[in-house]
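Q: Please find one structure pasted underneath; my questions will follow.
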Amino acid sequence: QVQLVESGGGLVQPGGSLRLSCAASGTIFSINGMGWYRQAPGKQRELVARIDTGASTKYADSVKGRFTISRDYAKNTVYLQMNSLKLEDTAVYYCNVDLRQYRMVAVGSYWGQGTQVTVSS
């Protein structure tokens, strides 16, 4: 069993900041990539940011320079610092983690339950 627990969403005014956290727990042998995706009403889920085992990062063009992804390897936790938030950042944000539960099994992809981020004046 693997659990992903997200926190940190909420309501913020344009220009404000929020920090999302996602902690992975359960039977985990190793973690590969960790990332954040978001889905706005009526739109497809899209990549926001991703960080791999070597700490290389990838960002959607729309959030570059405003969002920062980081991870705590010891805590199996990934963070998303969101600054200068805009109305169009409003969405449900989902944590995604690629991991192995055991040494000799394939990597599986796991999703959090989602956390709502609303940017509104």
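The values are calculated or read from the model by the stated rules, or taken from the named source; none is laboratory data. Treat the numbers as computed from the prediction; the structure is a model and nothing was measured. All Cβ positions, glycine included, derive from the backbone under ideal geometry; neighbour counts span all protein chains shown. Only protein heavy atoms, including side chains, enter the accessible area calculation; ligands, DNA and RNA are left aside. Shrake-Rupley method; radii C 1.70, N 1.55, O 1.52, S 1.80 Å.
Q: Quick one: compute a quarter of the convex hull surface over the Cα atoms of segment 17-87 and quote it in nm².
A: On the way: hull surface 22.1 nm².
Mean projected area of the Cα convex hull: 5.5 nm².
Q: With the contact rule set at Cα under 8 Å and sequence spacing of 6 or more, what percent relative contact order holds for the chain? Don't skip to the answer; put the middle values down first.
A: Numbers: 303 pairs, mean separation 43.3, N = 121.
Across the chain, relative contact order equals 36 percent.
Q: Size of the dipole of the chain about the Cα centre, Lys and Arg at +1 and Asp and Glu at -1 on the beta carbon, nothing else charged, in debye to 20?
A: On the way: 13 positive and 8 negative charges, 25 e Å.
Using only the charged Cβ atoms, the result is roughly 120 debye.
Q: While we're here: Could you provide, to the nearest whole Å², the per residue accessible area of the chain with probe 1.4 Å? Working shown, then result.
A: Details: 6480 Å² over 121 residues.
Counting only protein heavy atoms, the per-residue value for the chain is 54 Å².
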